[in-house]
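Please treat every number below as a calculation from the coordinates, not as lab data. Just so it is clear, the structure is predicted and the values come from calculations on it, not from any experiment. Heads up, the Cβs are rebuilt from the backbone with ideal geometry, glycines too, and the neighbour counts pull from every protein chain shown.
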Amino acid sequence: MENDSDFNQYMISFKYQFKSYLRTKRFLGLFLFTLIISVGITALILHDEYSMLKAGPPLFYFYNYLENFSTDLVVIIGAFFGGDIISTDTGTNAAYYTLVQPVRRSVLFLGRYTAALVSSFVIVFVYFLVGIISSFYLYGKVTPVIFEGLGIVVLFLAAAISFASLFSGIFKGQSSGIIVSVLLLFIGFPIIDTFVGTIGGVDPLFSLDFAGEIMYLIFDKPYPAAKVVGPAGFGGPGAAVAAAKVSSFYTFSPTVMQGIGVLIAYIVICGVIAILLYTRRQIEG
Amino acid sequence: MRGNCHTAVYQEADRGVNMEISFNKVSKNYSKFKALDDVSFNYSGHGAIGYLGPNGAGKTTTLKVMTNLLHPTSGTAELNGIDVNRHPKKAMLNVGSMIETPTPYPFLTVKESLQFVAELRGIDKKTMESRIDEFYYALKLPPLKSRMGQLSKGQRQRAVFASVLISDPDIVILDEPTSGLDPFERKIFRDFILKLKKTKLVFFSSHILSEVSETCDDVVFINHGKILKQGKIEEISQEFNTSAVSVEFLKPVDESLVKQLETIGSGVLKTDGRTAVIKFSGKESDRAEILQDVIKLAPVISYSSYGSDLESAYISILGEK
């Protein structure tokens with residue numbers, strides 16, 4: 001294999017970007033944030049529902065634990081690591097260092113993408129690890145479904161990073177791509193999901209956040225129905241008015257295959273567009 | 001336009017080295033603004049070419065097109081005969097470049113930044129380590145374990161310069177490499193360019209005319225995106241020589257001395273303290289005659305051309321456009 005083959009250069013790009021990520025405040029900050037959140041959620045769950053959880057299976061514990069914050073965590077971390085994959089070059093003078101090397105931009109991108117995926121997985125794994133430790137504390141064992149869950153996490157993170165990298169290719173500034181990605185993934189998609197799915201009654205299969213829910217739904221036995229229709233209104237005068245206009249609320253749950261399909265679609269479509277943006281981007285200064 | 005090869009070309013075909021930079025009718029437009037307008041030049045073989053022009057002339061745009069950071073609107077840029085915009089990986093393999101002020105990953109150390117480039121360029125570990133050692137001393141690099149983000153501009157510039165040279169490329173492209181550096185750092189760069197040009201083709205833009213005249217064999221003038229003049233430095237300097245000499249006397253120039261100096265050459269241009277500037281025809285023989293005459297009038301400490309010839313050329317070529 002030639003020393004400057006695309007594969008070698010991909011590995012080099014990955015290695016140095018990963019080293020760089022591990023030393024950033026972003027990595028350390030998100031790592032600590034995740035650790036604090038996961039310990040906090042665990043303490044609350046164990047404090048409030050100890051007897052119920054103790055009586056149930058480990059699967060039930062994981063559903064409760066992951067349902068709380070895991071999708072939000074994945075999209076936030078994915079946005080932080082994917083939101084500047086391209087703009088790290090175009091938004092700083094790094095382009096004059098990296099893009100003048102004899103390496104395809106697509107190869108540089110894929111190396112960085114992989115580094116972002118591995119770095120973000122390390123952080124999300126902390127969340128799972130705290131859950132695993134709690135499971136051992138409660139039941140003395142952990143459900144093997146956790147491995148499927150971790151597999152889905154990798155896909156979900158990859159999709160979130162791909163989605164965010166698209167914005168890192170659109171915006172020149174480093175922080176713009178991160179901010180827009182966080183806003184869309186953390187606030188935008190949930191709002192759209194509510195209007196389209198919960199109120200509109202249309203399956204929000206287009207939504208990345210929705211597809212990512214399979215990460216914790218696989219711990220629910222039996223697996224929830226794809227569509228549940230319930231009466232609208234939660235009580236109170238305001239709700240009564242709303243109920244008069246909206247007769248029913250809908251709860252959609254993606255099937256595992258649907259979720260995986262949507263996540264893969266995000267990875268491929270957003271990734272390809274991001275690479276195209278990167279390869280065509282000119283460094284105007 | 002391949003007729004602009006500099007005359008002091010030393011073809012390297014005998015050692016299998018290919019060094020050629022070729023711009024063929026390159027234009028670059030930003031909306032209606034023409035940053036480069038039909039730029040053509042061709043240089044091959046080792047030597048140093050200075051690329052001169054005022055701010056906004058199109059120097060950096062040229063170098064960015066040359067390194068695939070910008071795509072030309074029309075025309076082609078070739079490095080070693082390879083179209084850099086169509087085959088960038090192949091074209092850049094034997095080319096080291098430092099455009100603007102590069103900022104490597106701030107969290108990598110100096111050594112890691114050099115290793116990153118060396119590994120991307122397929123340099124084996126042993127060669128890489130020996131070159132890092134060599135540049136550490138020759139370029140007076142900061143401690144190799146210090147992070148790039150913590151370095152001063154000068155330190156970072158030297159570290160990036162080391163990364164440019166680590167693969168021993170045959171073509172070196174530099175964009176105002178000494179801009180913003182202190183005299184000590186400038187000297188390091190100047191000495192390196194003088195050394196590099198013996199075996200490599202060095203193409204660099206600069207504002208510092210003394211630096212260009214000291215290091216370059218050829219010079220290209222650009223303004224408003226157009227090449228205005230190119231050729232060997234001596235020939236251009238000759239063409240635009242200043243036609244004045246500066247004489248520094250041992251004692252201040254008084255009125256009686258000025259009266260006597262008026263009879264020499266084409267008369268006195270100005271006086272300042274112990275110095276008098278005398279106009280002449282521009283012929284070398286007249287310049288020698290003036291020296292002989294002034295020595296007879298009063299003790300002379302120094303005798304030199306008034307202003308740099310390259311400076312005159314710069315002002316004449318770029319000032320009138």
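Here are the numbers for the structure shown:
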quantity: Per-residue [θ]222 nm for chain A (sum of -39500 (n - 2.57) over DSSP H runs n ≥ 4, rounded to 500); calculated: -23000 deg cm²/dmol
quantity: Sorted peptide list for A:152-164, B:207-219, A:88-100, criterion being average Cβ within 10 angstrom, highest first; calculated: A:152-164, A:88-100, B:207-219
quantity: Net charge over other residues, Cβ less than 14 angstrom from the Cβ of B:PRO143 (K, R count +1; D, E count -1); calculated: +4
quantity: Whole-Å distance, taken between Cα centres, linking region B:106-174 and region A:1-79; calculated: 35
quantity: Sequence-separation-based contact order of chain B, relative, with Cα cut under 8 Å and 6+ spacing, percent; calculated: 19
quantity: Largest to smallest principal axis extent of the C-alpha atoms in region A:1-112, angstrom; calculated: 62, 32, 19
quantity: Bridge type composition, chain B - antiparallel percent by DSSP, nearest 5; calculated: 65
quantity: Taking all pairs of distinct alpha-carbon atoms in chain A, Kirkwood radius in angstrom; calculated: 20.4
quantity: Region B:13-232 shape via C-alpha gyration tensor axes, a/c threshold 1.5; calculated: prolate
quantity: Exercise: per-residue mean of other protein chain Cβ atoms within 10 Å, A:12-21; calculated: 5
quantity: Three-way shape call for region A:132-221 based on the alpha-carbon gyration tensor, with the a/c threshold at 1.5; calculated: oblate
quantity: Loop-resident sites, region B:180-209, for trypsin sites (Lys or Arg not before Pro), counting at most 12 other Cβ within 10 Å (DSSP); calculated: B:LYS198
quantity: Under 16 Å from the Cα of A:LYS25 - lysines, other chains or at least 8 residues apart; calculated: none
quantity: Distance violations [Cα-Cα > 31 Å] among B:LYS187/B:LYS229; B:LYS25/B:LYS279; B:LYS28/B:LYS89; calculated: B:LYS25/B:LYS279
quantity: Shape category assigned to region A:62-213 from the gyration tensor of Cα positions, a/c cut at 1.5; calculated: oblate
quantity: Relative contact order of region A:69-200, pairs being alpha-carbon contacts under 8 Å that are 6 or more residues apart, as %; calculated: 47
quantity: Cut-off 15 Å between beta-carbons: net charge of the residues surrounding B:MET128, Lys and Arg +1, Asp and Glu -1; calculated: -2
quantity: Per-residue mean of C-beta atoms belonging to partner chains within 10 Å, peptide B:104-117; calculated: 5
quantity: Enclosed volume per residue, in Å³, of the convex hull spanned by Cα atoms of the protein assembly as shown; calculated: 225
quantity: For chain B, calculated [θ]222 nm from helices alone, where every DSSP H run of n ≥ 4 adds -39500 (n - 2.57); calculated: -10000 deg cm²/dmol
quantity: Max mean-square fluctuation residue, GNM over chain A, Cα-Cα springs under 10 Å, options A:GLY131, A:GLY212, A:GLY83; calculated: A:GLY131
quantity: Within a Gaussian network of chain B (alpha carbon springs, distance under 10 Å), most fluctuating of B:LEU201, B:LEU108, B:LEU250; calculated: B:LEU250
quantity: Region A:162-194 versus region A:255-269: alpha-carbon centroid distance in Å; calculated: 18
quantity: Among B:GLY265, B:LEU250, A:LEU46 the positive-end extreme of the charge dipole of the protein assembly as shown (Cβ point charges); calculated: A:LEU46
